[in-house]
Amino acid sequence: MVVLAASIISKSGTALVSRQFVDMSRIRIEGLLAAFPKLVGSGGKQHTFVETENVRYVYQPIEALYLLLITNKQSNIVEDLGALTLLAKLIPEYSPSLDEEGVCKAAFELLFAFDETISLGYKENVTVAQVKQYCEMESHEERLHKLVMQSKINETKDVMKRKASEIDKNKLDKSKGDKGGFMSLSGSKNFSDLTLSSSGAGFGSGSGLEVSTVDSDSYSSKFKGRHAAPTTATSKGLGMQLGKTQRASQLMQSLQAEGEVILDDVPPTVGQAKSSLPPTDPITLIIEEKLNIITKRDGGVTNFDVQGTLSLQIRNQEDGLIQFQIENQDIPGLNFKTHPNINKELFNNRHIIGLKDPNRPFPTGQNDVGLMKWRIQGMNESSLPLTVNCWPSVSGRETSVNIEYEATERFDLQNVVISVPLPAVREPPNVLQIDGEWRYDARSSALEWSILLIDNTNRSGSMEFVVPSADPSAFFPITIGFTAAKTFSDVKVVNVIPLRGGATPKYAQRIQLVTDIYQVV
């Protein structure tokens, strides 16, 4: 099967979206698409094809459009129809309407979906849900970061409004003082006597020191250190920093004209506002364990398999002549297997990973090099990192479902998603109570329960929702996904040994526990 191009065209042959998977000139693809309407027969078949001397057109009508695959004549027609069916299911997922305007609006999203479905002319083994997930690439960390940043922005805007109103009020008091013979700000001697210690009298009282807590602790300490010394007209400094209004600028200029010294607050740097990314280390070790777990709804474990890998990435060739000292937790059923090029005797006797030829460096580059893998079998239900219980209860025309989770204290779980299948319903379920967040996926008819982090503050939680009357078995299997920064085997690199002597090179470890298959059936 070699797909030359996947296109969406109008009945007249106008190309709306077209993705080529082999090298083709624009003139050739336009000629092939323009010739297609003349070759289409009048039959109203759901799937059909037409062949020319050089290529085969496999197409499917979609309302006023055609979804078209152009393949060579040696391709497998069954595979072609499978790819065509998958693309036909993807188009309504991204296009708001199945007409020329809707397809043109979603052109880039459709192209991305086409690329996930067909690679180099061959169909990928993916589903509609997988393609959507690959294109969305939703990140819980990114969403949390955006919420925190938006909260900071809203707080800052509130402070800006409050400071601007204070400046307006102080300017109004100044004008009243000038007209009524009260204390005038033009007298620099009287004005210089006003400090932060003044309360309720004079310009600068109630200057709102709490604004220093808007960004970070370091930013707060800078404000506090600056305000500890006697200064004049404190509200002008903070007002100018956050307000940035024309009135505040005029007030600053007038104060400078009267001889006052204006101290500008230094805004936090990018490194202070955000945690800077760590520098890329010359040696990176990736330790990952994948869980394959199937539990029963009534208790018990059908399958409990843990598979781990240790990979290496070295950036510079001069750092390749090294060995690694390994430590791990002694667990029954833990078996290690090293790469054929690794010195097995050295590893078995001293728990050191090194090449058989000590004069040969480890490979360098951007790709991970596998050093070792291991497997843990035979663990029981008490070792499960997360246990989920589901209690469907049918009452009249409704089914009430209670779900609870219990997490072990050994792991802090991140990005936890518990996906519960639902019977085919038109409306989303009525969620009565939940510890976390929920989302209803209408396409897959599933309720996703998300918990960003499970630690000592929320080792257990529950959710309750109601749906129309359904068979209790319709809510299984429940699929669970999460990550953790700790593994069962607790494999870690404790030392990097340079074979040429010298200082120990810098290295970093990335340790992660992920779920491959985790279900309650």
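Annotations for the structure displayed:
- Counted charge near P282, where neighbours are those whose Cβ lies closer than 10 Å (Asp, Glu -1; Lys, Arg +1): -1
- Size of charge dipole - region 361-462 - debye, nearest 20, with Cβ of Lys, Arg +1 and Asp, Glu -1, no other charges: 340
- Radius, Kirkwood style, for region 401-482 when every pair of distinct Cα atoms is counted (Å): 13.2
- Cβ-defined net charge surrounding V514, 10 Å radius [Lys, Arg +1; Asp, Glu -1]: -2
- When each of K11/K123; K296/K344; K132/K152; K89/K373; K132/K373 is checked by Cα-Cα distance, pairs over 30 Å: K296/K344; K132/K152; K89/K373; K132/K373
- Fully extending the segment from L144 to D281, taken as 0.36 nm per residue of separation minus the present Cα-Cα distance, adds 46.6 nm.
- Rolling a 1.4 Å probe over the protein heavy atoms gives region 382-484 an accessible area of 49 Å² per residue.
- Ranking C104, P37, P61 by how far each Cα lies toward the positive end of the dipole of region 3-136 (charges on Cβ) leaves P37 at the top.
- Full-extension gain in nm, T309 to K11, via 0.36 nm per residue minus C-alpha separation: 102.0 nm
- Packing, as the average of other Cβ atoms within 10 Å across residues, places the peptides 355-361, 145-151 in the order 355-361, 145-151, highest first.
- For region 382-484, with +1 on Lys and Arg beta carbons and -1 on Asp and Glu, the positive-most of V394, L432, S460 along the dipole: V394
The values are calculated or read from the model by the stated rules, or taken from the named source; none is laboratory data. Note that the coordinates shown come from a computational prediction; the quantities given were computed from them, not determined experimentally. Cβ sites come from the backbone with ideal geometry, for glycine too, and all protein chains shown count toward neighbours. Heavy atoms of the whole protein, side chains included, go into the accessibility calculation; ligands, DNA and RNA do not. Shrake-Rupley method; radii C 1.70, N 1.55, O 1.52, S 1.80 Å.
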